[in-house]
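Some notes on the structure that comes next.
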Amino acid sequence: MLRCVASLMAIREDPELDEVRALAALIPSFAGLHVVEIGCGDGRLTRRYAADAASVLAIDPDGSAIAKLAGRLANVDARALSIEALSLPPRSVDVVLFAWSL
């Protein structure tokens with residue numbers, strides 16, 4: 001007989017903070033920047049920079065993930081949207097982030 005044992009242990013993404021350091025090296029300050037984050041999920045990365053940005057459009061096709069982010073950060077427009085459905089005016093964005101999304 002085969003037994004399966006499941007654990008409810010949370011997985012901590014990026015425990016070494018490599019992603020955070022890489023982001024800081026590429027973009028030392030988000031002050032005044034207009035950002036689009038593709039595949040934002042529940043806002044794991046969004047929360048790290050959003051307070052400094054002028055605006056953030058955070059998109060993810062997973063509506064349940066977006067629901068965890070929507071309305072929690074003042075300058076973040078969180079939308080359940082795929083990249084194919086995204087339409088932006090030319091030169092309206094300073095930074096596009098796409099991290100840990102496939």
Give just the number: which of (1) modelled with pLDDT of 95 or more; (2) assigned to a helix (DSSP H, G or I) does A65 not satisfy?
(1)
Of the residues in region 25-84, those that are surrounded by 14 or more Cβ atoms within 10 Å (Cβ to Cβ) and among the hydroxyl-bearing types (S, T, Y) come to T46, Y49, S55
Of all residues in region 68-84 being at pLDDT 95 or above and either within 9 Å of the chain's Cα centre (by Cα) or of a type in the set (A, V, I, L, M, F, W, C) (or both), the one that is nearest to L23 (Cα to Cα)
V76
Among (1) among the aliphatic types (A, V, I, L, M); (2) surrounded by 10 or more Cβ atoms within 10 Å (Cβ to Cβ); (3) modelled with pLDDT under 85, the one test that A10 misses
(2)
Scanning region 20-51 residue by residue, those part of a loop (DSSP other than H, G, I, E, B), in contact with a Leu (Cβ under 8 Å, 6 or more places away or on another chain) and either over 15 Å from A99 (Cα atoms) or among the aliphatic types (A, V, I, L, M) (or both) turn out to be I27, L45, A50, A51
Does V36 count as in contact with a His (Cβ under 9 Å, 6 or more places away or on another chain), modelled with pLDDT of 95 or more and of a type in the set (A, V, I, L, M, F, W, C)?
no
A99: passes all of (1) assigned to a strand (DSSP E or B); (2) in contact (Cβ under 8 Å) with a residue 60 or more places away in the chain but (1)
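The values are calculated or read from the model by the stated rules, or taken from the named source; none is laboratory data. Small disclaimer: the values here were computed from a predicted structure and weren't measured. Using ideal geometry, Cβ is built from the backbone for each residue, glycine included, and neighbour counts are taken over all protein chains shown.
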